[in-house]
Amino acid sequence: MEMLIGAVVVLWILVLVLAVVVFALARQIGVLYERVAPAGALMINQQVKVGDAAPEIGVEALTGRSFTVGQVVGAGQLLFFLSPDCPICKTLLPVLKTMLRSEKAVEIVLMSDGDDVAEHERFVEREKLQQFDYVLSEVVGRSYGVGKLPYGVLIDGRGVIASLGIVNSREHLESLFEAKELGVASIQEYLNP
């Protein structure tokens, strides 16, 4: 009988220790969540900034359509800078396809640089990107200060840069639109006034 009572006491001690450990872990998760607040697109651009007039540059898409990047079009333009060999860019393509359907007033333009037009045409074919204007232009990338990929620039209907930054996830891409709606340069600015 004494052995049974001893076993029950040991089990209760283990249950109490486990409860303390679970409480401590839950507390640490809360602290971690506060430290790692939701973040939007990372703004590291030194060339242009939110509120600047978007540089207007005449371009030609792979399809042959000529138009001007940065010119007022409906509710605006989203310039998405990518590369065929960028794995993160490829993971964001389904998000862009969804945005093309949901953000009807915003023209989405895929931007890249490079000399091998055939490689980019194969990329468009392979990823089924025919519904987008796909432009090869190093000048546009330099004019908008693109240093790392994937990168997004949202231009509003007045031809002004509404938001921009590195977009590594769906949340970053959507944060460009949220920042525009909130009237702030970035989600970080909104969270940390």
Worksheet item: Which numbered condition trips up Arg122, out of (1) more than 21 Å from Leu173 (Cβ to Cβ); (2) in a helix (DSSP H, G or I); (3) at pLDDT below 90?
Response: (3)
Worksheet item: Is it the case that Asp156 is open to solvent by 30 Å² or more (accessible area, probe 1.4 Å) and of a type in the set (Asp, Glu)?
Response: no
Discussion item. Between Arg158, Arg142, Arg122, which is within 17 Å of Cys86 (Cβ to Cβ) and more than 16 Å from the chain's Cα centre (by Cα)?
Written reply: Arg122
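Confirm whether Val184 is surrounded by fewer than 22 Cβ atoms within 10 Å (Cβ to Cβ) and in a helix (DSSP H, G or I). Full working, then the answer.
On the way: surrounded by fewer than 22 Cβ atoms within 10 Å (Cβ to Cβ): yes; in a helix (DSSP H, G or I): no.
The answer is no for Val184.
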Practice prompt. May I ask you to verify whether Leu110 is touching a strand residue (DSSP E or B) at 6+ places or on another chain (Cβ under 7 Å) and modelled with pLDDT of 95 or more?
Written response: yes
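Residues to consider are Val106, Val117, Val124; find the one that is of a type in the set (A, V, I, L, M), more than 17 Å from Val48 (Cα to Cα) and exposed (fewer than 15 other Cβ atoms within 10 Å of the Cβ).
Details: Val106 fails: exposed (fewer than 15 other Cβ atoms within 10 Å of the Cβ); Val124 fails: exposed (fewer than 15 other Cβ atoms within 10 Å of the Cβ).
Checking each option against the conditions leaves just Val117.
The values are calculated or read from the model by the stated rules, or taken from the named source; none is laboratory data. Just so it is clear, the structure is predicted and the values come from calculations on it, not from any experiment. In this analysis, Cβ positions are derived from the backbone assuming ideal geometry, glycine residues included, and neighbour counts consider all displayed protein chains. With ligands, DNA and RNA removed, areas are computed over all heavy atoms of the protein, side chains included. Shrake-Rupley method; radii C 1.70, N 1.55, O 1.52, S 1.80 Å.
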